[in-house]
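Presented below is the structure to which this report refers.
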Amino acid sequence: MRLFTAIELSQDILLRLERLLSALRPEALIKWSPLDNLHITTKFIGEWPEPRLNELDECLSTLDPRVPFDVAVRDLGWFPNERSPRVLWAGVHDGEPLQKLAHDTEEAVAKLGIARENRPFSAHLTLARIKNPVPLGRLRDKVTELQPAPLGSFTVTHFALFRSYPGSNASIYRKLREYKFESALAAS
């Protein structure tokens with residue numbers, strides 16, 4: 001099983017992203033992320049044996065309790081850079097709580113033998129991937145025109161464990177488990 005942990009986006013943010021992507025898609029023939037696939041990855045786990053799913057679930061359930069926190073989605077950018085882009089992203093601005101969630105998840109699953117990331121955590125939404133050289137001038141202009149691309153903010157009340165299935169055009173993500181935060185638990 002190919003797994004990762006992530007934060008799901010609010011419906012309001014998804015609606016705004018849908019409008020943004022509608023404005024950007026005509027500007028370049030690249031691999032655009034399906035709206036249903038947009039999320040904030042907190043830890044890529046990779047291949048995990050299905051018989052050990054409960055062990056991973058228990059590990060994630062033991063993360064320290066935390067309170068809900070807000071994140072803002074704004075700014076558009078390129079990985080690794082604008083000159084030779086491989087990814088077009090929207091920025092996720094969170095302050096410390098999202099960084100701490102990613103760090104705590106990384107530390108917890110490392111005890112199960114899951115490799116730590118080599119690069120620092122960078123919260124973002126992958127809007128598109130650029131696999132082959134294509135003209136990007138119009139897309140670069142549109143991205144510049146739309147900056148700072150304020151897409152709104154939302155309150156994060158939980159994170160989830162997802163499984164990724166290969167699809168013909170894009171991967172399909174299915175939520176396996178959900179981990180609610182402290183005050184979200186008290187309200188249920």
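The values are calculated or read from the model by the stated rules, or taken from the named source; none is laboratory data. Computed from a predicted structure; not experimentally measured. A quick note on method: Cβ atoms are made from the backbone with ideal geometry, for glycine too, and the neighbour counts reach across all protein chains shown.
Points to keep in mind about this one:
Residue-wise test of (1) assigned to a helix (DSSP H, G or I); (2) in contact (Cβ under 8 Å) with a residue 24 or more places away in the chain.
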| residue | (1), (2) |
| --- | --- |
| 100 | yes, yes |
| 105 | yes, yes |
| 113 | no, no |
| 127 | no, yes |
| 135 | no, yes |
| 153 | no, yes |
| 176 | no, yes |
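- Residue in the stretch 126-149 that is farther than 18 Å from residue 26 by Cα and modelled with pLDDT of 95 or more present: no
- Hey, residue 26 under 16 Å from residue 120 (Cα atoms), surrounded by fewer than 18 Cβ atoms within 10 Å (Cβ to Cβ) and free of Cβ contacts under 8 Å to residues at least 24 places away in the same chain or not: no
- Restricting attention to the stretch 49-78, the residues that are touching a His at 6+ places or on another chain (Cβ under 8 Å) and surrounded by fewer than 16 Cβ atoms within 10 Å (Cβ to Cβ) add up to 1.
- Among residues of the stretch 82-98 being surrounded by fewer than 18 Cβ atoms within 10 Å (Cβ to Cβ) and in a loop (DSSP other than H, G, I, E, B), the one that is farthest from the chain's Cα centre (by Cα) is 83.
- Residue 42 fulfils the conditions (1) among the hydroxyl-bearing types (Ser, Thr, Tyr); (2) under 19 Å from the mean Cα position of the chain (by Cα); (3) under 14 Å from residue 177 (Cα atoms) except for a single criterion, (3).
- For the stretch 144-154, the candidate set comprises residues that are exposed (fewer than 13 other Cβ atoms within 10 Å of the Cβ) and under 16 Å from residue 16 (Cβ atoms); within that set, the residue that is nearest to the chain's Cα centre (by Cα) is 150.
- Residue match in the stretch 47-57 (condition: under 15 Å from the mean Cα position of the chain (by Cα) and in contact (Cβ under 8 Å) with a residue 40 or more places away in the chain): no
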